[in-house]
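The values are calculated or read from the model by the stated rules, or taken from the named source; none is laboratory data. Since this is a predicted model, take the numbers as computed values, not measurements. FYI the Cβ positions are ideal-geometry reconstructions off the backbone, even for glycines, and counts take in every protein chain you see. Areas reflect the complete protein model, heavy atoms only, side chains present, ligands, DNA and RNA absent. Shrake-Rupley method; radii C 1.70, N 1.55, O 1.52, S 1.80 Å.
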Amino acid sequence: FQNEINEVPFFDIQLPYELALKIFQYLGKTELGRCAQVSRTWKVLAEDEVLWYRLCQQEGYLLDTSISDHSCWKLALKNCRTRERTLKTNWKNRIGAVSQLQYEVGKILCDVHSCDGVVIAGYTSGEVRLWDTRTWDYTAPILEPVHGPGDAGPQPHVSFVRINSSLAVAAYEDGTVSVWSLMFGREPIHHYQHNQRIQALALGSEGATVATASGFEVKVESPNDRGFWRTTETFEIQKLVNFLNLVPDVTGSPVTVAAAEDIVYLLKVEDPGKILHSVYGQPVTCLDVSAREAAFGVKTFGWLLNEPNQILLYNLETSQCLKKMGNSIGDFTCVNLQNSPPNMLVAGNKDRRVRVFDLRKSESLCSLYAHHLGVSAVQMDDWKIVSGGEEGLVCVWDQRMGTKLWEMHARHPVRHVWFNSHSLITANIPDEKTPRGASIMDDDLTMHRKHRGIIYAYEFSVDQLAVESVLPICRSSYDEVTGYNYNIGLAVPYDNI
C-alpha cells in the first residue's frame, strides 16, 4: 500500500510522499503515534522505517546498524527501551547472576583489570589469567610467560596487569614486561626489561601503546607501521613515579601523564620534560586522564595552612588549571574522569565519602557516606555510582536520590570496579601477599581461600542462560522460592544440593 501512495493529504492540499516525510521527521514518538490515528495514509507515513530508524539512533540504540538490519524499527526501539528499563530494575533490586572467577593454582591475587567484560588477573605464582565474562562458562586461557615452565626457580610475582580491546600487558617484580595480543594466541608478541622494579604501568584505552615507569625512567613502547615493537620514547624525570596514564584519542606520537610525588609531568616527544603541576610538599594521591583533561588529588597541609585537600583539573592542551574542587580533610584516594558522563567527575576519599563533581562548578553535587576505612575504587554513569572500600565493601548508589541500593562484602580491599549497562566486575585484592602461615597454605585449602583475594562478576541481563552461571548450591528446581536478599532461587528439596 505504501508503494501506491504518491500524494499525501495535508489538510486542504496534497503533498508528495517525500516532502510529507520531511515534515514528519521533526516529530517525536508521541506525536507520530497521534498522527498514525488520523487516517490510513497518515498511519503509513507515521510508521515509515526511516523515521523510526532516526529516532532509534537519536536515543543511542543500535548505533552500529544500518536501516536494512531490522524489518520493523518501531518494534526494535520498543524492545530496546523495554530492555533498558528491565536492566535498570535488575540493577536496583540486585536481580541477576553472580559468579566468582576462581583460580586455585595462582596463589595470592596481585592485580586485576578489565575491558568490556574481559578480565585479566595476575598472581603471586607469576601466572596471568584471562576470563571472558561475556560467555556463560567463563573459561579462558592462561597467558604463557616468556620464561618457560622449565626455568629454574619460582617465577617472579606479577606487579601490574592491564587490558584493552586488543592487548593484554603484565609487569613482573623483576622488571620484566610482557605484551600479548588477544587475537594471536597465548604467546607474548613483545617483551622488554627494566633494570629495577616497575612502579607503574599504563596501557592506552585503544590502540597499541604501553608505558612503564621504573626508577627515574618512563619508557613508552608501541609497534611501527610494519608491526615491529620498538621503544618510542624514554623520559628521564626527577622523582619516582606513583601514577601513570596514557592520554586517549591522541593522533601521532603518544602523550603520557605521570605523577611523581608532588610533580605532575606531561610527557611528549617534542617537549619531554614539561611540568604540568608542581607544589613542593603537596604530593599527588590519585590521577585520571581523559582526552583533553587531567584530574588529580593533591594532599595539602590542612592542619598547618588551613588549606583543605583538593582535586585539580588541568587542560592538557593549554596546561592551565581549570578548576580546584573539593574541601576535604581526608586525602582523595581515587578519581574517575575518563569513564564518567560529560562534565562530571567522581572521587573517593579517606574521609569515607564518595563525591560527585560538576566540572562547570566547583562544589560537589552530592556526597555519599560510604566506607568505614576509606574509598579505594569508584565509577559512575548517568544514574548510578559503584564504589569499593578498603574494608571490602562494594556499594551501589542511586546518584539522583543519593541513596544506597545494595551492598556486598568480601574479606580484602576493593581495588578494581568496572561496569557497563548489564554487568559489573569487582576485585578484592589482599595487601599482604605472603600471609602468616603461608607455608601451610599449599595443603590447607580453607586457609588458601581465606587469603587469596577474589573476583566477582555480576550479570543483570537475566535470561534463560543466567541460571547456568549461578553457583550450583543456589540453583533451584522451583522458580517461586527466592533466597533472602539475593533474588536467586535456592535449591529445594535439599537432596538436589
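Of all residues in the range 170-203, those being part of a loop (DSSP other than H, G, I, E, B) and either touching a Ser or Thr at 6+ places or on another chain (Cβ under 8 Å) or open to solvent by less than 10 Å² (accessible area, probe 1.4 Å) (or both) number 10. Of the residues making up the range 21-45, those that are crowded, with 16+ Cβ neighbours inside 10 Å and under 40 Å from the mean Cα position of the chain (by Cα) are Phe24, Leu32.
Screening the candidates Tyr456, Tyr484 for the property of being at pLDDT 90 or above, open to solvent by 30 Å² or more (accessible area, probe 1.4 Å), on the phi < 0 side of the Ramachandran plot and among the hydroxyl-bearing types (Ser, Thr, Tyr) yields one hit, Tyr456.
If the condition is being surrounded by fewer than 19 Cβ atoms within 10 Å (Cβ to Cβ) and of a type in the set (Phe, Trp, Tyr), then the range 92-136 contributes Tyr103, Trp136.
Looking only at residues in the range 368-379 that are more than 16 Å from Leu287 (Cα to Cα) and crowded, with 16+ Cβ neighbours inside 10 Å, which one is modelled with the lowest pLDDT? Once the filter is applied, the top-ranked residue is Ala370. Hey, can you tell me all the residues within the range 392-440 that are open to solvent by 30 Å² or more (accessible area, probe 1.4 Å), among the charged types (D, E, K, R) and modelled with pLDDT of 90 or more? Correct list: Lys404, Glu407, Arg415, Asp431. Whenever a residue of the range 97-110 is assigned to a loop (DSSP other than H, G, I, E, B) and of a type in the set (Ser, Thr, Tyr), its partners that are modelled with pLDDT of 85 or more and crowded, with 18+ Cβ neighbours inside 10 Å, lying with C-beta atoms within less than 6 angstrom and at least six residues away or across chains, give the pairs Tyr103/Arg129. Might you let me know whether the range 325-332 holds any residue that is open to solvent by 20 Å² or more (accessible area, probe 1.4 Å) and within 27 Å of Glu233 (Cβ to Cβ)? Looking through the range 325-332, none of the residues is open to solvent by 20 Å² or more (accessible area, probe 1.4 Å) and within 27 Å of Glu233 (Cβ to Cβ). Among the strands (runs of 3 or more DSSP E) confined to the range 205-287, the ones with at least 1 residues that are open to solvent by 20 Å² or more (accessible area, probe 1.4 Å), out of contact with any His (no Cβ under 6 Å at 6 or more places or on another chain) and in the same structural domain as Thr318 (by the TED database) are located at 217-223, 229-236, 243-246, 274-278. Only residues that are open to solvent by 10 Å² or more (accessible area, probe 1.4 Å) and within 15 Å of His113 (Cα to Cα): list them for the range 153-162, please. Scanning the range 153-162 gives Ser159, Phe160, Arg162. Taken over the range 350-379, residues that are under 22 Å from Leu322 (Cα atoms) and touching a Cys at 6+ places or on another chain (Cβ under 9 Å) amount to 3. Scanning the range 84-101 for residues that are under 30 Å from Thr209 (Cα atoms), at pLDDT below 90 and in the same structural domain as Asp382 (by the TED database) turns up at least one hit. If the condition is being farther than 25 Å from Pro16 by Cα and in contact with a Cys (Cβ under 7 Å, 6 or more places away or on another chain), then the range 57-79 contributes Tyr61, Leu62, Ala76, Leu77.
Does the range 297-316 hold any residues that are surrounded by fewer than 18 Cβ atoms within 10 Å (Cβ to Cβ) and closer than 27 Å to Cys115 by Cα, and which are they? Once the filter is applied, which keeps residues that are surrounded by fewer than 18 Cβ atoms within 10 Å (Cβ to Cβ) and closer than 27 Å to Cys115 by Cα, the range 297-316 yields only Asn315.
Close contacts from the range 29-53, counting a first residue that is assigned by the TED database to the domain that holds Leu75 and of a type in the set (Ser, Thr, Tyr) and a second that is part of a helix (DSSP H, G or I) and open to solvent by 30 Å² or more (accessible area, probe 1.4 Å), with Cβ to Cβ under 7 Å and a gap of 6+ residues or different chains, come to Tyr53/Ile67. Any idea which residue in the range 5-54 is nearest to Arg81 (Cα to Cα), counting only those that are touching a Leu at 6+ places or on another chain (Cβ under 9 Å) and acidic (Asp, Glu)? By that ranking, first place goes to Glu47.
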